[in-house]
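Take a look at the structure set out below.
The values are calculated or read from the model by the stated rules, or taken from the named source; none is laboratory data. It should be emphasised that the depicted structure is a prediction, and the values quoted were computed from it without experimental measurement. Neighbour counts run over all protein chains shown; Cβ positions are idealised from the backbone, glycine included. To get the accessible areas, we keep the full protein, side chains included, count just its heavy atoms, and leave off ligands, DNA and RNA. Shrake-Rupley method; radii C 1.70, N 1.55, O 1.52, S 1.80 Å.
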Amino acid sequence: KNEKAIHIKGVSNIYGIGEPAISTDGNRMYFVSDMPGGEGGTDLYLVRKKENGNWGKAENLGPIINSKGDELNPYIYDDSRLYFSSNGKPGYGGLDIFVSEILDDSLGLPELLTRPINSSADDFGITIHPINESLGIIVSNRAKGKGDDDLYMIHFTNIKPYIKGYVLNVDSIPQKGAIVRLIDGNNEELAQLKSNSEGKYRFDLENEKQYNLIASSEGMAKDIIINT
C-alpha cells in the first residue's frame, strides 16, 4: 500500500506526534504529542475524520486523562475502552496502565489496573486478545525479567460473563451491519445490535441462564449462530 502522511489541523511537524490508535471505522484516532498547550509532558489527543475524508482539529483529552507527567501508548479495545499508560497519576510507581470507558464523544474516569498487572516499575503497551478478553500482553521492566523491557502475559480474573464473535458469510467474509439479536430461554429479545466493520458483536450475559443468538444480514436468511 502507498503511504500517505496524515495532516491534522493545528498540529505542527516541529513537535513530536505518534503512537496512533484508530477506531474500527477509521474515523477516530487517539495519539500522543508533546505540543504546547497540554497538561504537561506528553499528552493524549483525539482527532476525528470529517465527512470529506480530511482529519479535523486535534483535541487534548484534558486533565481527566492527562496529567503533569507523561501519558503514552493509547490502545482502543472494541471501540469501547481506551487503555493508556501514565507516570503522572497516582499508581504503583513508574508508568502504570489505566483504562477509561469510551462514552460516545467523551471518556469516563480512568481506572488503575491493579497488581500484578501494574507494578512499581514501568508497565505499558497493553494488548488484549480480540475474543478472549481475559488474556493480554503488556511490556514491563519489573524486577527478575530477562532484560530491560520484557513481554508478560496477563490474565484478568474479574471478567463478567459475555458472548462475543464475528458474523461471517459462507465465504468467511465479515458482515458489517448485520443485525444480531440476543434471545432468552423464553424466546424474548433481550438486546439487539449491529456488527461493526469487522463483523464483530458482543453482549453481556448473566450466570446460569440460557440464551439464543440470532444473526441476519440484508439479502441473507437469518440464522441461529449459537444456542447455549
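Keeping to the stretch 14-58, report how many residues are of a type in the set (D, E, K, R), closer than 24 Å to TYR77 by Cα and either open to solvent by less than 50 Å² (accessible area, probe 1.4 Å) or in contact with a Lys or Arg (Cβ under 8 Å, 6 or more places away or on another chain) (or both).
Matching residues across the stretch 14-58 total 5.
Which of the residues belonging to the stretch 1-30 are within 24 Å of GLY125 (Cα to Cα), in a strand (DSSP E or B) and not aliphatic (A, V, I, L, M)?
Correct list: GLY18, GLU19, PRO20, ARG28, TYR30.
ILE128 - would you say it is in contact (Cβ under 8 Å) with a residue 60 or more places away in the chain, surrounded by 12 or more Cβ atoms within 10 Å (Cβ to Cβ) and within 22 Å of ASP204 (Cβ to Cβ)?
No, not satisfied.
Test each condition in (1) surrounded by 11 or more Cβ atoms within 10 Å (Cβ to Cβ); (2) over 18 Å from the mean Cα position of the chain (by Cα); (3) modelled with pLDDT under 95 for GLU198 and report the one that comes out false.
Just one mismatch for GLU198, condition (2).
Yes or no: GLY88 at negative phi, in contact with a strand residue (DSSP E or B) (Cβ under 9 Å, 6 or more places away or on another chain) and either in a loop (DSSP other than H, G, I, E, B) or surrounded by fewer than 18 Cβ atoms within 10 Å (Cβ to Cβ) (or both)?
yes
Based on what the data block shows, is PRO110 under 23 Å from TYR162 (Cβ atoms), without any contact (Cβ under 8 Å) to a residue 60 or more places away in the chain and not β-branched (Val, Ile, Thr)?
Judged against the criteria, PRO110 is a match.
Select, from TYR75, TYR92, TYR83, the only residue that is touching a Lys or Arg at 6+ places or on another chain (Cβ under 9 Å) and farther than 24 Å from LYS176 by Cβ.
Exactly one residue qualifies, and that residue is TYR92.
Report yes if LYS160 is without any contact (Cβ under 8 Å) to a residue 60 or more places away in the chain, under 30 Å from PRO90 (Cβ atoms), of a type in the set (D, E, K, R) and surrounded by fewer than 17 Cβ atoms within 10 Å (Cβ to Cβ), otherwise no.
yes
Would you mind stating whether GLY53 is under 22 Å from ILE138 (Cα atoms), assigned to a loop (DSSP other than H, G, I, E, B) and of a type outside the set (Lys, Arg)?
Judged against the criteria, GLY53 is not a match.
Per-residue answers, yes or no, for (1) within 30 Å of PRO116 (Cβ to Cβ); (2) open to solvent by 60 Å² or more (accessible area, probe 1.4 Å); (3) of a type in the set (S, T, N, Q); (4) at pLDDT below 95:
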| residue | (1), (2), (3), (4) |
| --- | --- |
| LYS146 | yes, yes, no, yes |
| GLY177 | no, no, no, yes |
| ASP184 | no, no, no, yes |
| GLN210 | no, yes, yes, yes |
| ILE214 | no, no, no, yes |
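Looking only at the stretch 102-125, how many residues end up being in contact with a strand residue (DSSP E or B) (Cβ under 6 Å, 6 or more places away or on another chain) and under 30 Å from ASP25 (Cβ atoms)?
11
Residues checked against (1) modelled with pLDDT of 95 or more; (2) within 17 Å of the chain's Cα centre (by Cα); (3) open to solvent by less than 40 Å² (accessible area, probe 1.4 Å):
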| site | (1), (2), (3) |
| --- | --- |
| PRO63 | yes, no, no |
| GLY69 | yes, no, yes |
| ILE76 | yes, yes, yes |
| ARG81 | yes, yes, no |
| ASP96 | yes, yes, yes |
| SER100 | yes, yes, yes |
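Return the pair list, or none, for Cβ contacts closer than 6 Å from residues in the stretch 6-32 that are farther than 19 Å from ILE128 by Cα and at pLDDT 95 or above to residues that are in a loop (DSSP other than H, G, I, E, B) and open to solvent by less than 70 Å² (accessible area, probe 1.4 Å), at least 6 apart or on different chains.
Matching pairs, first to second residue: VAL32/THR42.
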